[in-house]
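Notes follow the structure.
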Amino acid sequence: MDKISSDTTVAHRICPICEACCGLELRLSGPRVTAIRGHDADVFSRGYICPKGTALRDLHEDPDRLRTPLVKRAGRFVETSWADAFAEIEQRLPPILERHGRDSAAVVLGNPVAHNIGLTLYFQRLARALGTKNLYSASTLDQMPKQLSSGLLFGHWLSIAVPDIERCKFLLILGANPAVSNGSLWTVPDFRGKAKALRARGGKIVVVDPRRSETAELADRHLFIRPGGDVFFLLGLVHTLFAEKRVSLGRIAPYVAGVEALEAAVAGFSPEQVAARCGISAETIRAVARELADAERAAVYGRIGTCTQEYGTLASWLVDVLNVLTGNLDEPGGAMFPKAAAFAANTAGKPGVGRGIVTGRRRSRVSDAPEVFGEFPIGCLAEEIETPGPGQVKALITIAGNPVLSAPNGARLARALESLELMVSLDIYRNETSRHADVILPGGSPLEEVHYDVPFPQLSYRNHARYSPPVFARAAGEPAEWETLLRLSAIVAGKGAKADITALDDEALAEDVRRIAGPHGAAVLEAVARWRGPDRLLDLALRTGPYGDQFGAKPGGLSLEKLQATPEGIDLGPLEPRVPEVLRTPSGMIELAPPLLLDDLARPRADLARPVPDLVIVGRRHVRSNNSWAHNLPVLAKGPFRCTVLVNPADAARLGLRHGEKARLRRSNRAIEAQVEVSDEMMPGVVSLPHGWGHDLPGTSLSVAAERPGANLNALFDEDLRDPLSGNAVLSGVPVEMSPI
Ligand SMILES: Nc1nc2c(c(=O)[nH]1)N[C@H]1C(S)=C(S)[C@@H](COP(=O)(O)OP(=O)(O)OC[C@H]3O[C@@H](n4cnc5c(=O)[nH]c(N)nc54)[C@H](O)[C@@H]3O)O[C@H]1N2
Ligand SMILES: Nc1nc2c(c(=O)[nH]1)N[C@H]1C(S)=C(S)[C@@H](COP(=O)(O)OP(=O)(O)OC[C@H]3O[C@@H](n4cnc5c(=O)[nH]c(N)nc54)[C@H](O)[C@@H]3O)O[C@H]1N2
Ligand code: SF4
Ligand SMILES: [Mo]
């Protein structure tokens, strides 16, 4: 932190809100934040910022943000001390585990966990201490299909190829709106600037989306697609590449298995056969396939729209199939694998081969859903709480998650939460989910936390390492969130709420180090001994990582000390080819045609002739909103109301809907009301409503959000509508009825 005048200091901090991970510059006057702007010298984000970064000040100061633990007494929350809050949990949780077994406790992880190093690294300690198979997360509302397909192809759940946008010449984007979302499973701050630069150097962008989105506005070409139709469109492209002999694997050919099996599997999906189902003509499908094959350097990228649908895993897989078949995987300007400085499984162990991934090591008790990446689908949570019998969930810990709004059919989940014997929420608000808790343990302000992104350097457009110390110190006696998780671990391990968590942290670390460093363990522990908590785990990961100083063996290599001395971060260069070293499949090959996926092609094959519903709904995001939890920040909440349902003019006329008036959206016996915005951005037969709204439920304390609560899109959806392979919820392309009120 630098002093620039008698009463102003400057601090730098990576924004923890979205995956762009922008470097911010904060002006501080004593305990107050006076301004936030982009950090121009940041090696990665180069000064870029969006309105949510500025809103960190509102978040820091929000009077509704919890500062004290809350315990429910006779149905009402009362403020309590940390000691009393933990004592309450110690009194109630271990007896439940004893009576009903370890699986009677479930954990739900929300999206902000991925943006908080303490939560990311220490929930694993809690999960291990708890020993439950009932783990759930926002991943099955989001990216699980892409993690599964990448895991099957490349051998690890986080070996996800991202467009090398600064060298790309042809970018095909499906079901993503990075001009607004700032990228996802692709850390790319200032996508807009990079997209413009791509076009300025003669490159081309094609966007495939049922809405003419902000990203489509930036593109050379926009194609409307029937929601859920991506699998058909992509199969048509793959079919064309084979039929026209345009397959060219390039340098990685010796490491690609399954090309013949793939060719046979797509035989029944010619452009003519798939056109009606995706709403894109056979001629256009062929033209896109040719352009992709002919482009000097191309990348295909798909995101939420391709994941949160009934063929999520197949669509995610086919995106990479196209990258491979056109010789663009792992090539500069194509889709490449970042090499992160710390915590990446694809830089650990023996290069080029591994155990691969498996699913279904366990099945969920009620629906028999397979476990995927250690989790069950979040859509299974309500039934696991409601259904009696051995293994019934009786206690729940939510960590930075708001599934009552974020997951389908939150009303059912809310009822189920009320029936729990104990619910504990780690959250910064009393909101739609944490209102059901018996104990709420508040996280601190984001400005009081250490920051290092664990997943996102594994997904970044350029390799880099950046670290931020806390901007403000925590108040005395307030635990960091990782300390809260350790204390909960102590409670469920039977060590009591008053356990010495410093000793516990040391023990857990020593165990990790023994595993990775064997006989050198003692020396390694000694080398990182000056740090505590997440800092110590980070120093260990950096120094043993691919750019690390290896404890002195590689002078000049990375360490936490080195990162701390460079608030602008360390640039580690453009993405570089990593095949075969990046692979962790048992065969050491890219498994282009995994049997699990080829078998699943039976579903789209059977669906080829399915009639198109009259009206389906999709979601969208707005730059001044972040899932369910940014609506309480005044600087973001002001301005025009954003939770509107976009309707094509032809649909509006057909259904008697008028701009600015309210309409009822109905699906089976559930209905919501939302304000209509007539717009030719929408494909006919498709309407769009953002998710994360519906802040009119009783018992919350979100005074700004409650002024304009909006409608909860997820209230329409079914918790049992899922992509069967990944367990991911279907949140897109769902049929609805709509009528004026
Ligand atoms: N229909 C539809 N539904 C969707 C989506 C969609 O596109 N359409 N998108 C899905 C996606 S991609 C996601 S990721 C999920 C998100 O699903 P969730 O993670 O369940 O929802 P969020 O709204 O991100 O809620 C985050 C919670 O964390 C709390 N929080 C924020 N910061 C912190 C912190 O530092 N510490 C702690 N302890 N708590 C914190 C907030 O108060 C909030 O309660 O929503 C999904 N739901
Ligand atoms: N401002 C802001 N930024 C965010 C978030 C936020 O809430 N607000 N959330 C963050 C999170 S958690 C995530 S996961 C990312 C998500 O980042 P993105 O994937 O970029 O998410 P969206 O902006 O929802 O874009 C999804 C697009 O898919 C389209 N779509 C819907 N259904 C289909 C379909 O069946 N096929 C095709 N081809 N397209 C379809 C929609 O019209 C929409 O334009 O954003 C992150 N960034
Ligand atoms: S794009 Fe906005 S919200 Fe996302 S990291 Fe950057 S400043 Fe934060
Ligand atoms: Mo997400």
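The values are calculated or read from the model by the stated rules, or taken from the named source; none is laboratory data. The model shown is predicted, which means the values in this text are computed figures rather than measured ones. Positions of Cβ are backbone-derived with ideal geometry, glycine not excepted, and every protein chain shown enters the neighbour counts.
Within segment 629-741, which strands (runs of 3 or more DSSP E) (wholly inside it) include 1 or more residues that are more than 16 Å from ligand 2 (Cβ to nearest atom)? Break it down into steps so the answer makes sense when it comes.
Working: elements: 644-647, 662-667, 670-678, 686-688, 737-740.
Of the strands (runs of 3 or more DSSP E) lying wholly inside segment 629-741, those with at least 1 residues that are more than 16 Å from ligand 2 (Cβ to nearest atom) span 662-667, 670-678, 737-740.
From the list Asp723, Asp718, Asp696, which residue is touching a Phe, Trp or Tyr at 6+ places or on another chain (Cβ under 9 Å) and of a type in the set (Asp, Glu)? Walk me through it before giving the result.
Values: Asp718 fails: touching a Phe, Trp or Tyr at 6+ places or on another chain (Cβ under 9 Å); Asp696 fails: touching a Phe, Trp or Tyr at 6+ places or on another chain (Cβ under 9 Å).
Result: Asp723 is the single residue among Asp723, Asp718, Asp696 that is touching a Phe, Trp or Tyr at 6+ places or on another chain (Cβ under 9 Å) and of a type in the set (Asp, Glu).
Within 16 Å of ligand 3 (Cβ to nearest atom) and within 21 Å of Ser460 (Cβ to Cβ) - does that describe any residue in segment 122-141? Please lay out each step first, then the result.
Going residue by residue through segment 122-141, those that are within 16 Å of ligand 3 (Cβ to nearest atom) are none.
No - not one qualifying residue is present in segment 122-141.
Give the residues of segment 433-488 that are under 23 Å from Leu504 (Cβ atoms) and within 16 Å of ligand 3 (Cβ to nearest atom), sorted by residue number.
Residues satisfying the conditions are Glu449, Tyr452, Val454.
Among strands (runs of 3 or more DSSP E) lying entirely in segment 73-186, which contain 1 or more residues that are more than 16 Å from ligand 2 (Cβ to nearest atom) and within 26 Å of Tyr255 (Cβ to Cβ)? Quick ask: steps written out before the conclusion?
Working: elements: 76-79, 105-109, 135-137, 170-174.
Result: 170-174.
Among the residues of segment 580-589, are any modelled with pLDDT of 95 or more and touching a His at 6+ places or on another chain (Cβ under 7 Å)? Write out each step before concluding.
In the first step, residues of segment 580-589 are kept if they are modelled with pLDDT of 95 or more; the result is 580-589.
Adding the requirement that they be touching a His at 6+ places or on another chain (Cβ under 7 Å) leaves 584.
Yes; the residues of segment 580-589 include at least one that is modelled with pLDDT of 95 or more and touching a His at 6+ places or on another chain (Cβ under 7 Å).
For segment 69-79, name all the residues that are touching a Lys or Arg at 6+ places or on another chain (Cβ under 9 Å) and surrounded by 14 or more Cβ atoms within 10 Å (Cβ to Cβ).
Leu70, Phe77
Counting just the residues of segment 1-34 that are of a type in the set (A, V, I, L, M) and loosely packed, with under 14 Cβ neighbours inside 10 Å, which one comes out farthest from Pro189 (Cα to Cα)?
Taking segment 1-34 and keeping what is of a type in the set (A, V, I, L, M), we get 1, 4, 10-11, 14, 17, 20, 24, 26, 28, 33.
If we keep only those that are loosely packed, with under 14 Cβ neighbours inside 10 Å as well, we get 1, 4.
Values: Met1: 24, Ile4: 28 Å.
Across segment 1-34, the extreme among qualifying residues is Ile4.
Could you please find all residues in segment 118-154 being more than 16 Å from ligand 4 (Cβ to nearest atom) and in contact with a strand residue (DSSP E or B) (Cβ under 8 Å, 6 or more places away or on another chain)?
Answer for segment 118-154, where residues must be more than 16 Å from ligand 4 (Cβ to nearest atom) and in contact with a strand residue (DSSP E or B) (Cβ under 8 Å, 6 or more places away or on another chain): Phe123, Leu126, Ala127, Leu130, Thr132, Asn134, Leu135, Leu152, Leu153, Phe154.
Residues being within 16 Å of ligand 1 (Cβ to nearest atom) and either in contact with a strand residue (DSSP E or B) (Cβ under 6 Å, 6 or more places away or on another chain) or outside any helix (DSSP H, G or I) (or both): count how many of those fall in segment 205-226.
Start the filter on segment 205-226 by keeping residues that are within 16 Å of ligand 1 (Cβ to nearest atom), which leaves 209-211, 213-215.
If we keep only those that are either in contact with a strand residue (DSSP E or B) (Cβ under 6 Å, 6 or more places away or on another chain) or outside any helix (DSSP H, G or I) (or both) as well, we get 209-211, 213, 215.
So the answer is 5.
Yes or no: segment 364-380 includes at least one residue that is over 30 Å from Gly151 (Cα atoms), touching a Gly at 6+ places or on another chain (Cβ under 9 Å), outside any helix (DSSP H, G or I) and away from ligand 3 (no atom under 16 Å from the Cβ). Quick ask: steps written out before the conclusion?
Looking only at segment 364-380, we keep the residues that are over 30 Å from Gly151 (Cα atoms), and these are none.
For segment 364-380, residues over 30 Å from Gly151 (Cα atoms), touching a Gly at 6+ places or on another chain (Cβ under 9 Å), outside any helix (DSSP H, G or I) and away from ligand 3 (no atom under 16 Å from the Cβ): absent.
Just to verify a result, which residue in segment 46-65, among those that are outside any loop (DSSP other than H, G, I, E, B) and basic (Lys, Arg), is nearest to Ile570 (Cα to Cα)?
Of segment 46-65, the ones outside any loop (DSSP other than H, G, I, E, B) are 51-54, 56-61.
Imposing the further condition that a residue be basic (Lys, Arg) reduces the set to 52, 57.
Values: Lys52: 24, Arg57: 26 Å.
Filtering first and then ranking leaves Lys52.
May I ask you to list the residues in segment 4-20 that are more than 16 Å from ligand 4 (Cβ to nearest atom), under 19 Å from Pro567 (Cβ atoms) and of a type outside the set (Gly, Ala, Ser)?
Ile4, Thr8, Thr9, Val10, His12, Arg13, Ile14
Looking only at segment 593-607, decide whether some residue is part of a loop (DSSP other than H, G, I, E, B) and in contact with a Gly (Cβ under 7 Å, 6 or more places away or on another chain). Walk me through how you get there before you give the answer.
Step one: list which residues in segment 593-607 are part of a loop (DSSP other than H, G, I, E, B), which gives 593-594, 601.
So of that shortlist, the ones also in contact with a Gly (Cβ under 7 Å, 6 or more places away or on another chain) come out as 593.
Yes; the residues of segment 593-607 include at least one that is part of a loop (DSSP other than H, G, I, E, B) and in contact with a Gly (Cβ under 7 Å, 6 or more places away or on another chain).
Out of the residues in segment 51-68 meeting the condition of being crowded, with 20+ Cβ neighbours inside 10 Å and not charged (D, E, K, R), tell me which one is farthest from ligand 2 (Cβ to nearest atom).
Of everything passing the filter in segment 51-68, Leu66 is farthest from ligand 2 (Cβ to nearest atom).
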